[in-house]
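Q: Sending over a structure as structure tokens; questions will come in a sec.
The values are calculated or read from the model by the stated rules, or taken from the named source; none is laboratory data. From a predicted model like this one, the values you see are computed outputs, not experimental measurements. All Cβ positions, glycine included, derive from the backbone under ideal geometry; neighbour counts span all protein chains shown.
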Amino acid sequence: MQAVPPAYTDVMLEDSGTYILRSGWSENDDYLCMHNGYTGGGHAHADKLHFDLMLGGRDVLVDAGRYTYMAGKTRTALKGASGHNTTLVGRKGFMKMSGWSYRTHAPSVQYPVIKDGDCTMIGGAHLGYLKTFGATVAERRILRIGSGVYLILDCFRSRVPHRYEQYFHFAPGGM
């Protein structure tokens, strides 16, 4: 069979909370994948609002990976929110880990995709801090402007002030 690239480049899988933006199908194109869906069971990661980014076919922002299934600090750190390109409130993760899975979950909210010419905006929120930290809601929107320009817009809605953190894991070797 002859390989034929699809006629589309962007994929919005709202039911799973996965959004993929591509500039094309060659190895040198841009690629962004954002996850804000179901967390899952024992293999789950606290990766709500996480995204991976490739520019010109080169990894820029990546998922740190798992690297171990042995219980310990490394496994906990890589599965936790700070091990992903996401945000934290008050230096605390938005889900509490218990053994191989999580004791608490962070329901996802999917935002509608907005497309206008060369601009596309994807986004969502999670409710992992809804019962703590003054009922804080974490939101992320990603705006793609043409090819190669991505704006990451993080917003926190809360009744009280907090310390907010963004985590970005750059690919080894950088751009």
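Q: Can you confirm whether the range 21-42 contains a residue that is at pLDDT below 80, within 23 Å of Gly173 (Cβ to Cβ) and hydrophobic (A, V, I, L, M, F, W, C)?
A: Filtering the range 21-42 down to residues at pLDDT below 80 leaves 38-42.
Now drop any that are not within 23 Å of Gly173 (Cβ to Cβ), which leaves none.
Within the range 21-42, not a single residue is at pLDDT below 80, within 23 Å of Gly173 (Cβ to Cβ) and hydrophobic (A, V, I, L, M, F, W, C).
Q: Given the conditions (1) closer than 24 Å to Leu130 by Cβ; (2) surrounded by 15 or more Cβ atoms within 10 Å (Cβ to Cβ); (3) touching a Lys or Arg at 6+ places or on another chain (Cβ under 7 Å), report the number of the one that Asn85 does not fulfil.
A: (3)
Q: Every residue in the range 102-154 that is of a type in the set (S, T, N, Q) and within 22 Å of Phe168 (Cβ to Cβ), please.
A: Those that are of a type in the set (S, T, N, Q) and within 22 Å of Phe168 (Cβ to Cβ): Ser108, Thr120, Thr136, Ser147.
Q: For the range 10-58, which residues satisfy the criterion of being buried (at least 19 other Cβ atoms within 10 Å of the Cβ), hydrophobic (A, V, I, L, M, F, W, C) and within 17 Å of Thr104 (Cβ to Cβ)?
A: Across the range 10-58, the qualifying residues are Ala46, Leu49.
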